[in-house]
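The values are calculated or read from the model by the stated rules, or taken from the named source; none is laboratory data. Since we're looking at a predicted model, the values are computed, not measured. Cβ placement follows ideal geometry from the backbone for every residue including glycine, while neighbour counts extend to all protein chains displayed. For the accessible areas, the whole protein counts, side chains as well, though only heavy atoms, and no ligand, DNA or RNA atoms are used. Shrake-Rupley method; radii C 1.70, N 1.55, O 1.52, S 1.80 Å.
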Amino acid sequence: MLALFFSSFAVYMHTAAPTLAFGDSGELISAVSTLGIPHPTGFPAYILSGRIFSMVMPGNPALRLNMMSAFFGALTVSLLFLALLSSMKDERDSILRYFLAGIISALFIFSYTLWSQSAMARIYTLNSAFCAGALFLFFRYREDGSPRWLYMLGLLTGLGSGLHLTFILLSVFLWLWLLASDSKNIKKWLGWTLFFAFTGLLVYLYIPIRGSKEVALRWQEITNLKQFFYYMTQRQYGSKMATRDLDAYLSFFGYMKDVLLRELSPIALVLFTAGLVTGFIRKRSSTLLMLSVFLANILVMGLYGNYADLKLSFRYLIPSYAAMMFVIAWLFCDINSYTRNPRNTVLVASVLCATMAVLALPVNSHEASKRDNYIAYNFAKDILSTLPAGKATLFASGDNLIYPLAYFKITLGMYPNVTVMDNTDTIFKESKPLIEKSKSNQTLHNVLTALSDGYPDIYSATMIGSRLFYENPWGLLYRITPEPEPAQDWQWKTFPLKGITSGPAVFHDFEEREVVGTYLYRLSEYYRGRNDLKMSEALLARSSIAGYDSVPVLAGVAMLYSFSPYIDNYFKKAEALYLQAYKLNPANYSLVFNMGSFYGRMGMAKNAVYYFERAVKLDPYNYTAKQYLAKALEEMRMQADAQEQAKQAQQHYESGKQLLAEKRLDEAMVEFVKDTELFPELGRSYFHIGLIYSMKNQIKNAIPYYEKSLKKEPMNAPALSNIGLCYIRLKDYKKAADYFEKSLAIDPNQERVKKDLERLRQFLNQPEP
């Protein structure tokens, strides 16, 4: 067990992030440093454990908690080994038991999720250690029936009940199984079990104690039971529950398939399936328990979250992956029971586990590693370091930005001159007065309020897109001013861009891809400002590749394409990226609204109406969306009327040509006249009216219509030629020759006109008798 612990700890430390990462990392580090209150459910076990690690571990504040994640990742592997050992108590060959528990636990070291979460400050390895510990105590109780294991399981259940929903699910299944299979003893020891469970729950006194204090990081004030239960039950996330439609569920299960195949290679999933088949024959109840644990986490994640949560849900599935390991271990035990040859079982298990390791290691070692990855740290620093030394106001939102900013401002105590306005009201609470005054959570309304109240130097992390003020590019930010300012580009010269355009290549996970894509398309704007259009276009393409699954990046690049007519096929490129983003998340209001605006600018009113209608459906109380929808509907009606008129006009014109071909001259004349009344700016029917008069030998009537046709279409060579023919009939040969020459100047390939002009010249050049 110690060998497993130290070897896994060494692996995880080798690939650990040198500083903070994205996601909850910056928030959790700040909560530990201030003994604050992070997002629900508060994770007091993590905060207190992190406080201890912060006091004894070396390095910067982020690295200390990264080391804690590595520690609990290694502890997970060790506890899994003990749990597997206890779960195979029916296997008579003790050497085989130890071998199977050891090799499967060693394989689990390199599983994608545990490895990736052991490299950064997040709660998931502590949660996985709790899950592995609960499984160990559960199987140990089944092994010898001693109540001490039951009491420890009760204590662990209490301690971890607010750690993560996945641990609660696992605990529920374990306790239900114990109640169903050993109810007599459970009832006998229920009192002490509950005592230890409630003792574990006492750790949650941390929440009301610290929640009632003025601490630097306090997600929510907690001074009474109502606030406490609101916080602990995560009521503020209620809007994320059961929001997926059929297409979204299909996407979810498709993603689940991909992450399960990735975790330890497809072979692991095949062995798990085979283990379920043999398990239902030989160990039905235990197999059913593991299948329930495996499926429950997946199904619960299906009921929770939006698109971003979907892309990050793989890290919630560690209990499911642990259940897979148990079923695979029992499969090898079943193989041994069938063959009665431990050596062959060892050989089969060794070959299969080695194959899984060979397939998984190249991918997982690259994608799980955070070694030399400074992107999150540099992202926050690049933003804060470019703000003026005096007081500045920064409007920002989103975990990728707010949590790294919290690390600098709260943990490191840097940049006290910067006031962060977070309209989503998560960590930074300075925006509350603005929100109360503007009565809105929208950035636009609060920026306008800040401008009117005279807030100093206002910046925004995203383009707001308002005509009420100017948004001047400022590195990764936009400087908000009442009047336009000269372009600034010095900020980009201070950015290291390590891991983005310089330094060693690092793998970018979902959260990093979004930030890297943002860097690249904002850098594209910088080069466009310097008139380096080739570099600007190349960076846009790189941004869409880096952020291929990030809705904000794809939408941002699409918007830049839509305003770049110098780029070949700029419309198609913009539209393709918008549609790609829409396919990823059709419930994103900002995206849908911007798509409506895009199609509106391009004159495609019908498409604009569709997306503005979607925007209003997503946000029924948004007045701006309703205004734009009304405007798009009016434009669509105007386009429909114009198309109908064009259709009618085309009918008259085509009908006139058909009648003319049939020599029904008077009827054709009526149709051509109607066409000129509907579309007087077109020369086509004037030409044909002149032609009809010519055919009727009404030459003096024909010429004015040919001339009207020429006023509309000065390059109409046939009209010029026909006027020349009219003047021949009127015996004005000089004018006829002039019109033939003008016609041939436009189209020199008119052989008949050439011959007529040649005969006219010969006639005009004859000497008078």
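Comparison of Leu155, Leu190, Leu165 shows that the only residue that is modelled with pLDDT of 95 or more and open to solvent by 30 Å² or more (accessible area, probe 1.4 Å) is Leu155. Checking each residue in the stretch 475-495 for being part of a loop (DSSP other than H, G, I, E, B), surrounded by 14 or more Cβ atoms within 10 Å (Cβ to Cβ) and of a type in the set (A, V, I, L, M) picks out only Leu476. Determine whether the stretch 393-408 contains at least one residue that is within 21 Å of Leu444 (Cβ to Cβ), more than 24 Å from the chain's Cα centre (by Cα) and β-branched (Val, Ile, Thr). Yes, the conditions are met somewhere in the stretch 393-408. State whether the residues of the stretch 125-135 include one that is of a type in the set (Phe, Trp, Tyr), open to solvent by 30 Å² or more (accessible area, probe 1.4 Å) and in contact with a helix residue (DSSP H, G or I) (Cβ under 6 Å, 6 or more places away or on another chain). The answer is no; no qualifying residue exists. Check the stretch 679-700 and report whether any residue there is touching a Phe, Trp or Tyr at 6+ places or on another chain (Cβ under 8 Å), farther than 23 Å from Gln762 by Cβ and open to solvent by 60 Å² or more (accessible area, probe 1.4 Å). No; the residues of the stretch 679-700 include none that is touching a Phe, Trp or Tyr at 6+ places or on another chain (Cβ under 8 Å), farther than 23 Å from Gln762 by Cβ and open to solvent by 60 Å² or more (accessible area, probe 1.4 Å).
If the condition is being on the phi < 0 side of the Ramachandran plot and of a type in the set (D, E, K, R), then the stretch 436-459 contributes Glu436, Lys437, Asp453. Within the stretch 241-254, the set of residues being modelled with pLDDT of 75 or more and surrounded by 15 or more Cβ atoms within 10 Å (Cβ to Cβ) comprises Ser251, Phe252.
Looking for whichever is part of a loop (DSSP other than H, G, I, E, B) and crowded, with 22+ Cβ neighbours inside 10 Å here; the options are Asn364, Asn373. Which one fits? Walk me through how you get there before you give the answer.
Values: Asn364 fails: part of a loop (DSSP other than H, G, I, E, B).
One residue alone meets the criteria, Asn373.
All conditions but one from (1) at pLDDT below 90; (2) of a type outside the set (Gly, Ala, Ser); (3) assigned to a helix (DSSP H, G or I) apply to Pro680; the one that does not is (3). Sub-8 Å Cβ pairs linking a first residue in the stretch 220-236 that is modelled with pLDDT of 85 or more and surrounded by 15 or more Cβ atoms within 10 Å (Cβ to Cβ) to a second residue that is of a type in the set (Phe, Trp, Tyr) and not in a helix (DSSP H, G or I), at least 6 apart or interchain, are Tyr231/Trp219, ordered by first then second residue.
Taking the criterion of being open to solvent by 80 Å² or more (accessible area, probe 1.4 Å) and among the β-branched types (Val, Ile, Thr), no residue of the stretch 725-769 qualifies. Inspect all residues belonging to the stretch 648-661 and state whether any of them is closer than 30 Å to Ala605 by Cα and either in contact with a Cys (Cβ under 7 Å, 6 or more places away or on another chain) or part of a loop (DSSP other than H, G, I, E, B) (or both). No: zero hits.
Restricting Ser543, Ser564 to those that are out of contact with any Pro (no Cβ under 9 Å at 6 or more places or on another chain) and either in a helix (DSSP H, G or I) or at pLDDT 95 or above (or both) reduces the list to Ser543. Applying the criterion of being farther than 21 Å from Asn378 by Cα and polar (S, T, N, Q) to the residues of the stretch 1-34, the residue that is least open to solvent (accessible area, probe 1.4 Å) is Ser8. In the stretch 275-283 there is at least one residue matching the filter, namely being of a type in the set (D, E, K, R) and within 15 Å of Ile328 (Cβ to Cβ).
Checked against the criterion of being at pLDDT below 95, assigned to a helix (DSSP H, G or I), within 35 Å of the chain's Cα centre (by Cα) and surrounded by 22 or more Cβ atoms within 10 Å (Cβ to Cβ), the candidates Ser116, Ser105 yield just one match: Ser116. Is it true that Phe196 is touching a helix residue (DSSP H, G or I) at 6+ places or on another chain (Cβ under 6 Å), assigned to a helix (DSSP H, G or I) and closer than 16 Å to Val293 by Cα? So Phe196 does not fit the description; no. Consider the stretch 454-463 and keep the residues that are aliphatic (A, V, I, L, M) and surrounded by 18 or more Cβ atoms within 10 Å (Cβ to Cβ). The one that is farthest from the chain's Cα centre (by Cα) is Ile458. Scanning the stretch 558-569 for residues that are over 14 Å from Ser544 (Cα atoms), open to solvent by 50 Å² or more (accessible area, probe 1.4 Å) and either of a type outside the set (A, V, I, L, M, F, W, C) or in contact (Cβ under 8 Å) with a residue 12 or more places away in the chain (or both) turns up Pro565, Tyr566, Asp568, Asn569. Tyr628 meets all of the listed conditions (1) under 23 Å from Glu512 (Cβ atoms); (2) in a helix (DSSP H, G or I); (3) modelled with pLDDT of 90 or more but one, namely (1). Scanning the stretch 422-443 for residues that are of a type in the set (D, E, K, R) and either open to solvent by less than 80 Å² (accessible area, probe 1.4 Å) or modelled with pLDDT under 80 (or both) returns Asp422, Asp425, Lys429.
Are any residues in the stretch 78-96 assigned to a helix (DSSP H, G or I), in contact (Cβ under 8 Å) with a residue 40 or more places away in the chain and out of contact with any Gly (no Cβ under 6 Å at 6 or more places or on another chain), and if so, which ones? Walk me through it before giving the result.
Going through the stretch 78-96, the residues assigned to a helix (DSSP H, G or I) turn out to be 78-87, 94-96.
Keeping just the survivors that are in contact (Cβ under 8 Å) with a residue 40 or more places away in the chain gives 78-84, 86-87, 95-96.
Across the stretch 78-96, the qualifying residues are Ser78, Leu80, Phe81, Leu82, Ala83, Leu84, Ser86, Ser87, Ile95, Leu96.
For residues that are without any contact (Cβ under 8 Å) to a residue 12 or more places away in the chain and of a type outside the set (S, T, N, Q), scanning just the stretch 136-152, find the one that is most open to solvent (accessible area, probe 1.4 Å). Here the residue is Arg148. When Ile746, Ile699 are screened for being farther than 30 Å from Lys647 by Cα and either under 60 Å from the mean Cα position of the chain (by Cα) or of a type in the set (S, T, N, Q) (or both), only Ile746 passes.
The condition (being in contact (Cβ under 8 Å) with a residue 60 or more places away in the chain, out of contact with any Cys (no Cβ under 9 Å at 6 or more places or on another chain) and open to solvent by less than 60 Å² (accessible area, probe 1.4 Å)) is satisfied by just one residue among Leu401, Leu359, Leu451: Leu401.
Among (1) surrounded by 14 or more Cβ atoms within 10 Å (Cβ to Cβ); (2) farther than 15 Å from Phe395 by Cβ, where does Asn472 come up short? Just one mismatch for Asn472, condition (2). Scanning the stretch 626-667 for residues that are in contact with an Asp or Glu (Cβ under 6 Å, 6 or more places away or on another chain) and of a type in the set (Gly, Ala, Ser) yields Ala649, Ser655, Gly656.
For the stretch 195-213, the set of residues classified as under 16 Å from Pro38 (Cβ atoms), open to solvent by less than 70 Å² (accessible area, probe 1.4 Å) and not small (Gly, Ala, Ser) consists of Val203, Tyr204, Tyr206, Ile207, Pro208, Arg210, listed by residue number.
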